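Have a look at the structure below before the remarks.
The values are calculated or read from the model by the stated rules, or taken from the named source; none is laboratory data. Remember, it's a predicted structure, so these values are computed and weren't measured experimentally. Cβ sites come from the backbone with ideal geometry, for glycine too, and all protein chains shown count toward neighbours.
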Amino acid sequence: MALMTQIPFIGHHIAGFPATSKALEDPNGLLAAGGDLEPETLIEAYRRGIFPWYEADQPILWWSPAPRAVFYPNTFKASKSLQKVLRKKTYRVTCDTAFTQVIKACSLPRPDSEGTWITSSMINAYIKLHQLGYAHSIETWSSTGELVGGLYGISLGSVFFGESMFSTHSNASKVAFCHLVDRCLQKDIKLIDCQVENPHLTSLGAIEISRKTFEDHLSSYIASSDSLSIHQGCWSTTSTIDSNS
């Protein structure tokens, strides 16, 4: 546990989050440990570009990696192969109708992973944020009504902080992401945070930006009034979307 001696514990060494410039380079972005997953804590973390990521046998770990993987909705363009998938009307897509199902599906271990970072405490915390109108899900359904893909994340100001996605059918999570982009454009959301680059995000067109650029975006796109006192509301205001919309 020598690594834990290199980072401050919230509530023990410090009262709140340290400056993100204090984050470790190895492992990339590890900033602090401890604290809690209450809505106020999570909102403050996301406002500063910090997010929790830890396993069940660890204390809560807080991260601010650099560089940062992001999408700009107004410049996103689906690949030709993905456009073909969208035109096939294979899936039905909804928003904020099955948040709990989506986050629990995202929490299931992946074939190339031994465990999951989406613990029961994390699930409960994000369900609470969903009930408060901050956490949102996009759901992809098969023609037989089975939930086969989706994603969830946090919306603050003009930023959507993507947390996780899952897919049990081909391209189901990619279809969900395309509809997230559409929803962001409808709501004038200017940035989608994806935290850390991976092959799946790269295939969708994610790019990397510096921590400073990312935090400058947060300062511009999240107003000081965006707090728990402002109810963000449910995103399921429009009817079910066909996958070729």
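Points to keep in mind about this one:
- Counted residues, segment 61-94 - those being over 28 Å from Gly35 (Cα atoms) and at pLDDT 90 or above: 10
- For segment 159-188, taking the residues that are more than 14 Å from the chain's Cα centre (by Cα) and farther than 24 Å from Thr90 by Cβ, the one that is surrounded by the most Cβ atoms within 10 Å (Cβ to Cβ) is identified as Lys187.
- The sole residue among Glu163, Glu139 that is part of a strand (DSSP E or B), among the acidic types (Asp, Glu) and closer than 16 Å to Ala206 by Cβ is Glu163.
- Filter result (on the phi < 0 side of the Ramachandran plot, modelled with pLDDT under 95 and touching a Cys at 6+ places or on another chain (Cβ under 7 Å)) within segment 117-150: Ile118
- The condition of being among the small types (Gly, Ala, Ser) and surrounded by fewer than 20 Cβ atoms within 10 Å (Cβ to Cβ) holds for Gly16.
- Gly11 vs. criteria modelled with pLDDT under 95, farther than 22 Å from Asp57 by Cβ and not assigned by TED's automatic domain parsing to the domain that holds Glu215: no
- Only one of Asp36, Asp57 that is of a type outside the set (S, T, N, Q), without any contact (Cβ under 8 Å) to a residue 24 or more places away in the chain and either loosely packed, with under 14 Cβ neighbours inside 10 Å or outside the structural domain of Gly162 (by TED's automatic domain parsing) (or both): Asp57
- Qualifying residue in segment 166-177 (condition: in the same structural domain as Trp235 (by TED's automatic domain parsing), within 24 Å of Ile60 (Cβ to Cβ) and at pLDDT 95 or above): yes
- Among the residues of segment 95-108, at least one is in contact with a Phe, Trp or Tyr (Cβ under 6 Å, 6 or more places away or on another chain), in a loop (DSSP other than H, G, I, E, B) and modelled with pLDDT of 95 or more.
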